[in-house]
Amino acid sequence: MRSDKMKKGLEKAPHRALFKALGYTDEEIARPLVGVVNSANEIIPGHIHLDIIANAVKAGIRMAGGTPIEFPTIGICDGIAMNHEGMKYSLASRELIADSIEVMAIAHPFDGLVLIPNCDKIIPGMLMAALRLNIPAIVVSGGPMLTGKIDDRDIDLITVFEGVGAVKAGKLSSNELRRLEDCACPGCGSCAGMFTANSMNCLTEALGLGLPGNGTIPAVHAARVRLAKKAGMKIMELIRRNLTPRAIATPAAFRNAIAVDMALGCSTNTVLHVPAIAHEAGIKLSLDVFNQISRSTPHLCAMSPAGPVHLQDLDLAGGIQAVMKELAKAKLIDVRCLTVTGTTVAENLKHAPEPNHEVIRPVRKPHHE
């Protein structure tokens, strides 16, 4: 085991003494040691509940015979950092996150990692770290926020941004804007539209580094907690097989992720993050690759803020696996790629539901060709 570097043999008696100071038993120390990277904090709505997800992950690791060891990393809320000097720090935080995980996972040689992000720069930062370290790893996000409701209308954070403009244009009163402000974000989760956070969570699943459901199961659903437990159990299989991120995130897998990006109409920030993630795996992704895939991939989902569909709707319609199943009908997905399920995309898609074509258009009848 990789963790033997810090726990096995005569000369590691002091190391074991330090583990015992933390309350670990000999039995726990003897098992594979799994780092659980928790980016929970009290400033990001998408991260306020991540302790619940981390506890579920740790339960899954223990059920499968491992010892979880949790450590934190930082996170910035891009929405709260917006429109003042704080936004200058957002992208830089991505590098700090990747570096901090690298530092922790080499200083303490864990056998594997479960990474728990949920928002804009945290997800790519964790993916960069996973590919840089290339030890068995799996990502499980905190899940998307539900939409708010006002007068039987679904609303989200973009509605409030638009409301500010409407007030300035004299089309909305300040009291009506306050009503939007109170209702648009009803609780925890990554902001309800296909903004950067949800785009990256969906692409993590399409890339194969998150389990089916990672991108779309709502934050408040019990299915999200069950998914976290499954991720904790699955990392133990990945450790046993020594199935590492670079064996999964191949050039073909990145092309799959970009095809899903185009089908969903994800945030343009994916062009900022996906090449940076690929770079950590020694893969060069140019803008030409995005353009090429864009020209051949139909736009299947009219996601907010460009359309009426939200993540909860996409989840009910079959989620990312259903989108990939539809794209695979036109041979736009390489189904031979491995994923953290331990099997190929083809095997995963056998268990995927048929897409609800009201939400996920057929490849022959897309929103845009």
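The values are calculated or read from the model by the stated rules, or taken from the named source; none is laboratory data. All values derive from a computational prediction rather than experimental measurement. Virtual Cβ from ideal backbone geometry, glycine too; neighbours counted across all protein chains shown. Heads up: the accessible areas ignore ligands, DNA and RNA and are worked out on the full protein's heavy atoms, side chains in. Shrake-Rupley method; radii C 1.70, N 1.55, O 1.52, S 1.80 Å.
Residue pairs whose Cβ atoms lie under 6 Å apart, separated by 6 or more positions or on different chains, with the first residue in the stretch 94-111 and assigned to a loop (DSSP other than H, G, I, E, B) and the second open to solvent by 10 Å² or more (accessible area, probe 1.4 Å), are 109/2; 109/5; 109/6; 111/1; 111/2; 111/32; 111/239. Counting only residues that are open to solvent by less than 30 Å² (accessible area, probe 1.4 Å), hydrophobic (A, V, I, L, M, F, W, C) and not in a helix (DSSP H, G or I), the stretch 189-227 holds 6 of them.
Here's the yes/no breakdown for (1) outside any helix (DSSP H, G or I); (2) open to solvent by 40 Å² or more (accessible area, probe 1.4 Å); (3) in contact with a Cys (Cβ under 8 Å, 6 or more places away or on another chain); (4) of a type in the set (Val, Ile, Thr):
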| residue | (1), (2), (3), (4) |
| --- | --- |
| 229 | no, yes, no, no |
| 252 | no, no, yes, no |
| 267 | yes, no, no, no |
| 275 | no, no, no, no |
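Filtering the stretch 1-53 to residues that are of a type in the set (Lys, Arg) and either open to solvent by less than 50 Å² (accessible area, probe 1.4 Å) or modelled with pLDDT under 95 (or both) leaves 7, 12. Could you list all residues from the stretch 78-115 that are open to solvent by less than 70 Å² (accessible area, probe 1.4 Å) and of a type in the set (Ser, Thr, Tyr)? Those that are open to solvent by less than 70 Å² (accessible area, probe 1.4 Å) and of a type in the set (Ser, Thr, Tyr): 90, 93, 100.
Residue 326: of a type in the set (D, E, K, R) and surrounded by fewer than 20 Cβ atoms within 10 Å (Cβ to Cβ), yes or no?
In short, no.
Would you confirm whether any residue within the stretch 69-77 is open to solvent by 70 Å² or more (accessible area, probe 1.4 Å), in a strand (DSSP E or B) and among the charged types (D, E, K, R)? Yes, because at least one residue in the stretch 69-77 is open to solvent by 70 Å² or more (accessible area, probe 1.4 Å), in a strand (DSSP E or B) and among the charged types (D, E, K, R).
Of all residues in the stretch 279-298, those being in a helix (DSSP H, G or I), open to solvent by less than 60 Å² (accessible area, probe 1.4 Å) and free of Cβ contacts under 8 Å to residues at least 40 places away in the same chain number 4. If the condition is being of a type outside the set (Val, Ile, Thr) and either open to solvent by less than 10 Å² (accessible area, probe 1.4 Å) or on the phi > 0 side of the Ramachandran plot (or both), then the stretch 122-135 contributes 124, 125, 126, 127, 128, 129, 130, 131, 134.
Scan the stretch 339-369 for residues that are closer than 15 Å to residue 211 by Cα, in contact (Cβ under 8 Å) with a residue 60 or more places away in the chain and open to solvent by less than 60 Å² (accessible area, probe 1.4 Å) and jot them down. Scanning the stretch 339-369 gives 339, 340, 341, 342, 345, 348, 352. Within the stretch 311-343, the residues that satisfy the criterion of being among the small types (Gly, Ala, Ser) and either touching a Ser or Thr at 6+ places or on another chain (Cβ under 7 Å) or farther than 16 Å from residue 262 by Cα (or both) are 317, 318, 319, 342. Report yes if some residue within the stretch 305-315 is in a loop (DSSP other than H, G, I, E, B) and in contact with a helix residue (DSSP H, G or I) (Cβ under 8 Å, 6 or more places away or on another chain); otherwise report no. Within the stretch 305-315, one or more residues are in a loop (DSSP other than H, G, I, E, B) and in contact with a helix residue (DSSP H, G or I) (Cβ under 8 Å, 6 or more places away or on another chain). Please tell me if residue 65 is open to solvent by less than 40 Å² (accessible area, probe 1.4 Å), in contact (Cβ under 8 Å) with a residue 60 or more places away in the chain, over 23 Å from the mean Cα position of the chain (by Cα) and under 23 Å from residue 229 (Cβ atoms). Yes, satisfied. Restricting attention to the stretch 138-173, which residues are touching a Gly at 6+ places or on another chain (Cβ under 6 Å) and open to solvent by less than 20 Å² (accessible area, probe 1.4 Å)? Correct list: 139, 142, 143, 144, 145, 155, 156.
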